[in-house]
1. Can we say A:Thr40 is open to solvent by less than 40 Å² (accessible area, probe 1.4 Å) and either within 14 Å of chain B (Cβ to nearest Cβ) or within 15 Å of DNA strand D (Cβ to nearest atom) (or both)?
2. For the range B:10-18, indicate whether the set of residues that are under 30 Å from B:Ala139 (Cβ atoms) and crowded, with 19+ Cβ neighbours inside 10 Å is non-empty.
3. May I ask you to say which residue of A:Glu64, A:Glu90, A:Glu60, A:Glu94 is away from DNA strand C (no atom under 16 Å from the Cβ), out of contact with any strand residue (DSSP E or B) (no Cβ under 8 Å at 6 or more places or on another chain), at pLDDT 95 or above and charged (D, E, K, R)?
4. Which one of B:Met161, B:Met99, B:Met93, B:Met147 is assigned to a helix (DSSP H, G or I), in contact with a Leu (Cβ under 9 Å, 6 or more places away or on another chain) and more than 11 Å from chain A (Cβ to nearest Cβ)?
5. Can you pull out the residues in the range A:115-144 that are out of contact with any helix residue (DSSP H, G or I) (no Cβ under 8 Å at 6 or more places or on another chain), assigned to a helix (DSSP H, G or I) and open to solvent by 30 Å² or more (accessible area, probe 1.4 Å)?
6. Would you pick out the residues in the range B:145-160 that are among the aliphatic types (A, V, I, L, M) and open to solvent by less than 10 Å² (accessible area, probe 1.4 Å)?
7. Assess whether B:Glu94 counts as being open to solvent by 50 Å² or more (accessible area, probe 1.4 Å), under 30 Å from B:Met147 (Cβ atoms), more than 14 Å from DNA strand D (Cβ to nearest atom) and touching a helix residue (DSSP H, G or I) at 6+ places or on another chain (Cβ under 6 Å).
8. Is it fair to say A:Leu112 is of a type outside the set (Phe, Trp, Tyr), in a helix (DSSP H, G or I), more than 12 Å from chain B (Cβ to nearest Cβ) and closer than 24 Å to B:Arg111 by Cβ?
2 protein chains.
Amino acid sequence: MVRPNAGTKGVPRLDRESQILAIASQEFGMRGFTATSVATVAKRAGISKPLIYNYFGSKEGLYEACLDLGGSLVADEIERIARGDSVGIERGMETLGGMFALLEQRRYLWRLFFDVTAPSTGAIADSIGVYADRIGKLAEEGVAELMGLAGNDDELDISAMTSVWLGIVDSLMNWWVEHPEQTAEQMMQRCVRLLTAIVGGAEQ
Amino acid sequence: MVRPNAGTKGVPRLDRESQILAIASQEFGMRGFTATSVATVAKRAGISKPLIYNYFGSKEGLYEACLDLGGSLVADEIERIARGDSVGIERGMETLGGMFALLEQRRYLWRLFFDVTAPSTGAIADSIGVYADRIGKLAEEGVAELMGLAGNDDELDISAMTSVWLGIVDSLMNWWVEHPEQTAEQMMQRCVRLLTAIVGGAEQ
DNA sequence: CCTATATGACTTTCGGGTAAGTTACCACCA
DNA sequence: TGGTGGTAACTTACCCGAAAGTCATATAGG
């Protein structure tokens, strides 16, 4: 049986893995876990499906690898900023800036942790949970500080506000994906302008 | 061949259709288009799959029907509020209140128009586009007013802010879905508190 | 008896996953 | 220096289950 190109490319495993992960993260991030097909990832990477299974075991394994890569990247950065001494809105803006700088070349990464189509049980759910919790905890901590400054300690209010805050980051990331020409710096300045518009508008 | 109950229920088509649509909207809204199976909808409705195909033609047809139902509901309400004379943040809060009141019994409806797993081409995409555009246009109009009050007419700023605004509504709806015991009234009051916390925090 | 309502059982399609093999390269030895 | 065998990289062709979609038929009521 003739099998053109079988084994002829000779790309080292680690190189190939990063290449696959880069493409897979993008697909998962853009379309969500369920709507992403392994065959599509393979095709985009110019390789065959079994190679992916050989390296990552399963579709879930592939997703987990993406999560591990992106999750620590994002969570570490947020943690770094949380260790600083800014509080309230200022801390929020700093976090935004950090995310913009970090994800400029891979904006879709953010979506991995908030994919509603990912399995809700099993290893993936655990893995998502780890990072979503880590990010969520930090967000909640910052939000609680902000709310505390305003004299509000209501747990549900904090929970809802955290959800809103993550939603805002999510929206900005999605908008950024659709405006690839915008730099991280421009995004940051834009956010400052948006904030002033809100505050100014609410004071009237 | 014995087929128990075939044709014995005698439910008028229109009644059956609304019943199916109510269940389908919930499934599509909660799980997304891809993750929803027609068989599940049929089972939950206590009927067989072919009946759904008989009435709606295809899974996409079923989704479109849900969109038409939910889309006009939501868009009409937003339009109604937009015709009022409130502007800026106030108009935003009024719109939120309208959404809470309208969707209290069907909070998942909101998600139909922002489902990333829905097909991005074909009739569905068109249909989503119609309603997303209609809602998006109204949102953008309101946002532009708000930004104008703050002396900002930048088109990209307005576009980004619109995205953020829709993201906020989205977050609140999702949070609401996960807190079923919260009433529309409670949500509205919560939003007022959240807004004051943001404004207060930014003024420091 | 005709039509609307309804169904069980089937075919088709699609995507995750696998079996079995092919090619290239390198280390080792005569 | 050239053969050789082991291994890493890679492929085609398939399996299988789940879900979309269809067909032929059954029941009830005007």
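1. Numbers: open to solvent by less than 40 Å² (accessible area, probe 1.4 Å): no; either within 14 Å of chain B (Cβ to nearest Cβ) or within 15 Å of DNA strand D (Cβ to nearest atom) (or both): yes.
No, not satisfied.
2. Checking the range B:10-18: not a single residue is under 30 Å from B:Ala139 (Cβ atoms) and crowded, with 19+ Cβ neighbours inside 10 Å.
3. Numbers: A:Glu64 fails: away from DNA strand C (no atom under 16 Å from the Cβ); A:Glu90 fails: at pLDDT 95 or above; A:Glu60 fails: away from DNA strand C (no atom under 16 Å from the Cβ).
Matching residue, one of A:Glu64, A:Glu90, A:Glu60, A:Glu94: A:Glu94.
4. Working: B:Met161 fails: more than 11 Å from chain A (Cβ to nearest Cβ); B:Met93 fails: more than 11 Å from chain A (Cβ to nearest Cβ); B:Met147 fails: more than 11 Å from chain A (Cβ to nearest Cβ).
Only one candidate passes the filter, namely B:Met99.
5. Hits for the range A:115-144 are A:Asp126, A:Asp133, A:Lys137.
6. We begin by selecting, within the range B:145-160, every residue among the aliphatic types (A, V, I, L, M); these are B:146-147, B:149-150, B:156, B:158, B:160.
Once the filter is applied, which keeps residues that are among the aliphatic types (A, V, I, L, M) and open to solvent by less than 10 Å² (accessible area, probe 1.4 Å), the range B:145-160 yields B:Met147, B:Ala160.
7. On the way: open to solvent by 50 Å² or more (accessible area, probe 1.4 Å): yes; under 30 Å from B:Met147 (Cβ atoms): yes; more than 14 Å from DNA strand D (Cβ to nearest atom): yes; touching a helix residue (DSSP H, G or I) at 6+ places or on another chain (Cβ under 6 Å): yes.
Yes: the conditions hold for B:Glu94.
8. Working: of a type outside the set (Phe, Trp, Tyr): yes; in a helix (DSSP H, G or I): yes; more than 12 Å from chain B (Cβ to nearest Cβ): yes; closer than 24 Å to B:Arg111 by Cβ: yes.
Considered against the rule, which asks whether it is of a type outside the set (Phe, Trp, Tyr), in a helix (DSSP H, G or I), more than 12 Å from chain B (Cβ to nearest Cβ) and closer than 24 Å to B:Arg111 by Cβ, A:Leu112 comes out as yes.
The values are calculated or read from the model by the stated rules, or taken from the named source; none is laboratory data. Not measured: the values here are computed from a predicted model. In this analysis, Cβ positions are derived from the backbone assuming ideal geometry, glycine residues included, and neighbour counts consider all displayed protein chains. Areas reflect the complete protein model, heavy atoms only, side chains present, ligands, DNA and RNA absent. Shrake-Rupley method; radii C 1.70, N 1.55, O 1.52, S 1.80 Å.
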